[in-house]
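Okay, structure first, notes after.
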Amino acid sequence: MSAVVAEFRRNRLSLSYVIVVALLILLVAAGGFLSDRFLTWRNFGNLFQQLVVLGMVSLGQTFVVLLGGIDLAVGSLVGASTVFIAHFLEWRPDLLWLALPLALIAATAIGALNGLLTIVLRVHPLIVTLGMSSIIFGATLMYDKEPGGSVPRGLADFSYANLWGIPVTAIVLVAIFALAGLWLQRSRSGRSIYFVGGDREAARLNGLPVNRIVVMAYALSGLCAGLAAIFLTARTGVGDPRIGTALTLQSITPVVVGGTILAGGRGGVLGTLLGVLLVTMLNNLLNFLNVSSYYQWVIQGLIIIVAVSIHTTRRRQ
Amino acid sequence: MVTPVIELSRIEKEYPGVKPLDRVDFAVRPGEIHALLGENGAGKSTLIRVMGGAIRPNGGSMTYLGKPVSWQSPKQARAAGIHVIHQELALFSELSVAENILVDAQPRNALGLISGRARHARAAEILAQLGVKISTHAKIDELPLADQQMVEIAKALVGEVRLLVLDEPTAVISGREVDLLFDNMRRLKREGVGIVYVSHRLEEIFEIADRVTILKDGQVAGTGPVGDLTRDEMITKMVGRRLEQIYPARRKAPAGGPDILKISNLRAGHRVRDVSFAIRPGEVVGIAGMVGSGRTEVAEVIFGTRDLDGGTIEFDGTRLDRRMPREAIRNGVGFLTENRKDEGLFLGLPISANVMAPDLAGVTRRGLIDRRGEREIALEQIRNFAVAAPSPEVKVGNLSGGNQQKVLFGRWSRIARKLLILDEPTRGVDIGAKVEIYRIVRNLAEQGVGILMISSELPEIIGLSDRIFVMSQGHVAGEIDGASATEEAIMDLAVRSLDRRESTAARLEQVA
């Protein structure tokens, strides 16, 4: 947690976070004013539950975007992982201890493969991960076209558990973000992501193991997709190959809204966390106001463009 | 009195907090080469932009060919015959030479379509005027930089040009290419074109310019015919104080001790054909030669960013097998690349991160980066190298060129316990910062670091080096002692062996 605070303090002057925080406050105020059910403990509990999956995937996306890349395979990977987890657990509910690590290892390996392919083939990550996304999606559908499988009671309970009225999954999420923030700011490999994202050639000249760092960032994105799939399967109780379809593009929104730039080298996980909060809270409020989901899409699009243009203008000054 | 091509009087430009131009008077006569001198930030580029219509001044007046004007856009100035060639060339690297030359004036055929044949004919005509042999079909990125520059000048000749502004055109070319450029400048001058010439190289000013105007802090510090000012007077006016000594004292005794770097029969690609030399601790070894003679490539091979085809490299008597920057860094070798923005610095990151980049392990305690330690080292290097920055948190992209270069010295001096390779260490850096860099280089050498310095500026090579190697066509053409070296001796080696090779090749062709 202290690392997140430290990151905030260091970036205080950049104002990027201030903008997102201001938007959040505005949203909470508007919510409280427009709906009497919005500012309730119970709603916030729900909200935190909702943001866990998006939060996890966006965290992974942050590493890759910081590197100057993009991961379009996360959605398919989440879908495939839920199918794997749910079917494995339907077959052997007693092997929960094995199923989850296996899912995480597989997801991490696929992520690492993405990174490796961008290096070996020298193809833009957009293309590599787009192709990979299609391959994973197709392969998953070959195995199972409809939602299926099941999860044991324990896993389902975990997803609805509360600690002092706060969902345990949300606490886990925040802990993971804090750890990620600490890692990015204070470890050699984390810092190296900024170097490689800022200028790959310069990173090489400074003797940094560029290829290893690239593979690591994509592997972490895969790992995050795997974790998201665990959260998701625990909550829905099934594996669904299509469940991640929308997640890919959704995962980019909080990253860029939070001030991480697509060119790489600048940004951080705190911004992403705030971005996730903003997007989820906005949709939650619009639901309360019975705004149709079509409008929700439109408003979310506006938020992306406005927030990023504010970041960009600020940076130019 | 001839009517000047352009005359600026009491031109002012002001931004909040800064005044890049303060009541500047400046005039260029037809057929005159007028040098514009000044340190970085003195206001040269702002003045150029005012003339070219890219910036509108806040005060003062401008006449062009005797009539008062006030440009609304660069396009308007261009149409009137003012052509500005910036240091960063404005060419489309994927397009052909002809397309680039006629970018604003594509010839059309009867149907109103662009005519490829007419385009190549017209482009070839213009290039012939310039006396250069460049294929109009070649793509820009296939051309050497010097040719690209000629294409840029050719663009100016498409329409009528009355005033040509060249912003540091010789920063990226050398030797014969400079001669070709100067020949063309003289030719344009004879045709009555006024030329504004910006350069940091004073020797060139004496060679080519008729008059000189020196800017200092946005004001004119001096102006007059070139012959009226000595080199030292120019520097004094530019810097605002007298620089007692530009180059620090050389080593008194020849360097002793075992070789710190020894390369033998190095081959890499077609640029490095057979290079052998050695450097001892504490000596400054200069490498001179034309752009393209293989100078930079040798440095890259030594540091491990370029593949080696043959030969050996030994640091401190041990041969390196795994050839990559990480290994070189581990062995105490640092490399300040020619192009600091593209290849050295992380512009978006603070000074502290830039200084520590190659040595994160040095500030890692129990797996975590020690922020305070990192900050202290950065502060120390900021002090050691007099970087003008308020704190180590300042982003490197916000510093001037000279200060960026000092940050790089701050970084690599910690790493380079044994050998520091410098590729054009003072390019684009103003004279005040240059003198500081020379002092830094000499100090490092006195601490026992071997220095390998590549430079296109012969005075710098001669003034700083203990020994000089002259490279030509991938070979070491000769070695000269630094204290007795002259520019003529160096150029002689750089060109003579080149001519000999060419004539040998020609003879062989005749025989065949």
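All told, B:Pro392 falls short of being within 10 Å of chain A (Cβ to nearest Cβ) and of a type outside the set (Asp, Glu).
The residues listed here are B:Arg507, B:Arg439; of these, the one that is over 30 Å from B:Glu327 (Cβ atoms), modelled with pLDDT under 90 and assigned to a helix (DSSP H, G or I) is B:Arg507. Within region A:94-145, the set of residues being within 15 Å of A:Phe84 (Cα to Cα), aliphatic (A, V, I, L, M), in contact with a Ser or Thr (Cβ under 8 Å, 6 or more places away or on another chain) and crowded, with 19+ Cβ neighbours inside 10 Å comprises A:Ala103, A:Ala107, A:Ile136.
For region B:21-49, residues that are aliphatic (A, V, I, L, M) and on the phi > 0 side of the Ramachandran plot total 0. Screening the candidates B:Leu91, B:Leu127, B:Leu65 for the property of being within 21 Å of B:Asp183 (Cβ to Cβ) and touching a residue at least 12 places away in the same chain (Cβ under 8 Å) yields one hit, B:Leu127. Could you please let me know if A:Phe63 is part of a helix (DSSP H, G or I), within 26 Å of A:Pro167 (Cα to Cα), of a type in the set (Phe, Trp, Tyr) and touching a helix residue (DSSP H, G or I) at 6+ places or on another chain (Cβ under 6 Å)? Considered against the rule, which asks whether it is part of a helix (DSSP H, G or I), within 26 Å of A:Pro167 (Cα to Cα), of a type in the set (Phe, Trp, Tyr) and touching a helix residue (DSSP H, G or I) at 6+ places or on another chain (Cβ under 6 Å), A:Phe63 comes out as yes.
For every residue, the table says whether it meets (1) farther than 23 Å from B:Ala156 by Cα; (2) assigned to a strand (DSSP E or B).
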position	(1), (2)
B:Glu7	no, yes
B:Gly31	no, no
B:Ala35	no, yes
B:Glu39	yes, no
B:Ala42	yes, no
B:Val50	no, no
B:Trp71	no, no
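Only a single item in (1) in the same structural domain as B:Glu457 (by TED's automatic domain parsing); (2) at pLDDT 90 or above; (3) closer than 23 Å to A:Arg212 by Cβ is not met by B:Leu368, and it is number (1). Note on region B:52-64: residues that are surrounded by 13 or more Cβ atoms within 10 Å (Cβ to Cβ) and either outside any loop (DSSP other than H, G, I, E, B) or in contact with a Ser or Thr (Cβ under 7 Å, 6 or more places away or on another chain) (or both) total 8. Within region B:354-376, which residues are within 33 Å of the chain's Cα centre (by Cα) and either at the interface with chain A (Cβ under 9 Å from one of its Cβ atoms) or crowded, with 21+ Cβ neighbours inside 10 Å (or both)? If the condition is that a residue be within 33 Å of the chain's Cα centre (by Cα) and either at the interface with chain A (Cβ under 9 Å from one of its Cβ atoms) or crowded, with 21+ Cβ neighbours inside 10 Å (or both), then B:Asn354, B:Val355, B:Met356, B:Ala357, B:Pro358, B:Asp359, B:Leu360, B:Glu374 are the ones that fit. When the criteria are applied in full, B:Leu420 fails the requirement of being hydrophobic (A, V, I, L, M, F, W, C), assigned to a loop (DSSP other than H, G, I, E, B) and under 21 Å from the mean Cα position of the chain (by Cα). Only one entry in B:Glu152, B:Glu160 is among the acidic types (Asp, Glu), surrounded by 19 or more Cβ atoms within 10 Å (Cβ to Cβ) and within 18 Å of B:Gly81 (Cα to Cα), namely B:Glu152. Checked against the criterion of being among the β-branched types (Val, Ile, Thr) and either under 30 Å from A:Pro152 (Cβ atoms) or modelled with pLDDT of 90 or more (or both), region A:280-294 contains one or more residues that satisfy it. If you check A:Leu39, A:Leu54, A:Leu23, A:Leu34 for being modelled with pLDDT of 95 or more and of a type in the set (A, V, I, L, M, F, W, C), only one passes: A:Leu54. Only residues that are facing chain A (nearest Cβ under 7 Å), at pLDDT 85 or above and under 23 Å from the mean Cα position of the chain (by Cα) were counted in region B:313-347, giving 4. As a summary of the residue check, A:Trp183 satisfies the conditions (1) among the aromatic types (Phe, Trp, Tyr); (2) within 14 Å of another protein chain (Cβ to nearest Cβ); (3) farther than 28 Å from A:Ala99 by Cα except for the one numbered (3). Against the list (1) assigned by TED's automatic domain parsing to the domain that holds B:Val470; (2) at negative phi, the condition B:Lys252 fails is (1). Residues in region A:136-150 include at least one that is of a type in the set (S, T, N, Q) and assigned to a helix (DSSP H, G or I). Here is the figure for region B:101-139: residues that are polar (S, T, N, Q), at pLDDT 85 or above and part of a loop (DSSP other than H, G, I, E, B) total 2.
Here is a yes/no grid of residues against (1) of a type outside the set (Val, Ile, Thr); (2) assigned to a strand (DSSP E or B); (3) more than 22 Å from B:Val161 (Cα to Cα); (4) more than 31 Å from the chain's Cα centre (by Cα):
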{"position": "B:Pro4", "(1), (2), (3), (4)": "yes, no, no, no"}
{"position": "B:Leu21", "(1), (2), (3), (4)": "yes, yes, yes, no"}
{"position": "B:Asp25", "(1), (2), (3), (4)": "yes, yes, yes, no"}
{"position": "B:Thr46", "(1), (2), (3), (4)": "no, no, no, no"}
{"position": "B:Arg78", "(1), (2), (3), (4)": "yes, no, no, no"}
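Quick grid of which residues meet (1) at pLDDT below 85; (2) under 30 Å from A:Arg186 (Cα atoms):
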position: A:Asn11; (1), (2): yes, yes
position: A:Asn46; (1), (2): yes, no
position: A:Gln61; (1), (2): no, yes
position: A:Leu67; (1), (2): no, yes
position: A:Gly79; (1), (2): no, no
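Looking at B:Ile246, B:Ile287, just one residue is crowded, with 18+ Cβ neighbours inside 10 Å and more than 18 Å from B:Glu32 (Cβ to Cβ), and that residue is B:Ile287.
Inside region B:442-461, residues that are in a helix (DSSP H, G or I) and buried (at least 22 other Cβ atoms within 10 Å of the Cβ) make up a count of 4. Looking across B:Asp307, B:Asp274, one residue alone is within 14 Å of chain A (Cβ to nearest Cβ) and exposed (fewer than 15 other Cβ atoms within 10 Å of the Cβ). It is B:Asp307. Residues in region A:186-195 that are more than 8 Å from chain B (Cβ to nearest Cβ) and in contact with a Leu (Cβ under 6 Å, 6 or more places away or on another chain): A:Gly190, A:Ile193. In region A:235-278, which residues are closer than 24 Å to A:Val151 by Cβ and surrounded by fewer than 23 Cβ atoms within 10 Å (Cβ to Cβ)? Matches in region A:235-278: A:Arg235, A:Thr236, A:Gly237, A:Val238, A:Asp240, A:Arg242, A:Ile243, A:Thr245, A:Ala246, A:Gln250. Apart from one condition, B:Lys418 fits all of (1) touching a helix residue (DSSP H, G or I) at 6+ places or on another chain (Cβ under 8 Å); (2) closer than 24 Å to B:Val285 by Cα; (3) at pLDDT 90 or above; the exception is (1).
The values are calculated or read from the model by the stated rules, or taken from the named source; none is laboratory data. Keep in mind it's a predicted model, so treat the numbers as computed, not measured. No Cβ is skipped: glycine too gets one built from the backbone with ideal geometry, and neighbour counts run over all protein chains shown.
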